[in-house]
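Here the structure is laid out as structure tokens; the discussion comes afterwards.
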Amino acid sequence: MRSPAAVRSTVAVLLAALLLAGCSATADGGGEPTSSAPAPAGAEDNGGGEHDPPGAQTGQDTAPEDAGTQLVAGSLSGTDLAWLQLMAPMNERTLLLLGLVTELTGDTSFAGFADDLAATHSAEAERMRTLLTEAGVPDTNPHEGHDMTGMVTDEELAEIEAAAEFDDAALAALREHLEQSAMLSRSARDAGTDHDTTALADELAELRATQLTELEGLGG
């Protein structure tokens, strides 16, 4: 039976791979999902200053396979940071689609679902931005312009708005977003280290399952 540490390491690698795979599909080649984050403490030879996290001093190096749990910003590990920096813009881009649904759908049930989803997505994004700010991470979007699974692009918004079957197109995009964010949230919950971040990831993983069930009811 694999140890909890081994499981966390495997999930962290999976989350990083998913993020990098999404970025690599962009026209400009994308970039590392944590490119805007401060450099990991101890990365420079600064003699082990007072800001170094536990384990950064000589003789307490973290093993390479545990790199996903090293602190990279405040109390955030690489997994925590990658999840927050991806989920915040994913939520914010989805809000644009939800506004379109409210405006264009003729289905009152779908409109109500979109309104409820917009409220939770907005609150979630605000909490994510707060966690990033508290960790000292710049308020930037390293995924700007990236065509990633679950991330609603301007092109997709235009296509959905012009679709002959608007509701079907919007439902398909929302399903992809909810499924992807559920998967990433489960990974962050299992592999992250920051208490507030993993708690939020756990909350999202559970909520997305409920939201997907509600969406499938609309699709039926």
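The values are calculated or read from the model by the stated rules, or taken from the named source; none is laboratory data. All values reported here derive from a predicted model rather than from experimental measurement. Because the Cβ atoms are built from the backbone with ideal geometry, glycine has one as well, and the counts that use them run over all protein chains shown. Keep in mind that these areas ignore ligands, DNA and RNA; they rest on the heavy atoms of the full protein, side chains included. Shrake-Rupley method; radii C 1.70, N 1.55, O 1.52, S 1.80 Å.
Quick look at the numbers
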| read-out | value |
| --- | --- |
| Pairs where the first residue, in segment 96-117, is farther than 16 Å from residue 154 by Cβ and the second is in a loop (DSSP other than H, G, I, E, B) and among the hydroxyl-bearing types (Ser, Thr, Tyr), C-beta under 9 Å, 6+ apart | 111/105; 114/105 |
| Whichever residue in segment 170-197 is of a type in the set (A, V, I, L, M) and open to solvent by 30 Å² or more (accessible area, probe 1.4 Å) and, among such residues, is farthest from residue 91 (Cα to Cα) | 172 |
| Residue count for segment 150-167, restricted to those that are farther than 23 Å from residue 76 by Cβ and either open to solvent by 50 Å² or more (accessible area, probe 1.4 Å) or outside any helix (DSSP H, G or I) (or both) | 12 |
| Residue match in segment 115-131 (condition: buried (at least 18 other Cβ atoms within 10 Å of the Cβ), closer than 15 Å to residue 79 by Cα and not basic (Lys, Arg)) | yes |
| Residue count, segment 68-83 (criterion: at pLDDT 65 or above and in a helix (DSSP H, G or I)) | 6 |
| Within segment 168-220, considering residues that are in contact with a strand residue (DSSP E or B) (Cβ under 7 Å, 6 or more places away or on another chain) and outside any helix (DSSP H, G or I), the one nearest to residue 132 (Cα to Cα) | 194 |
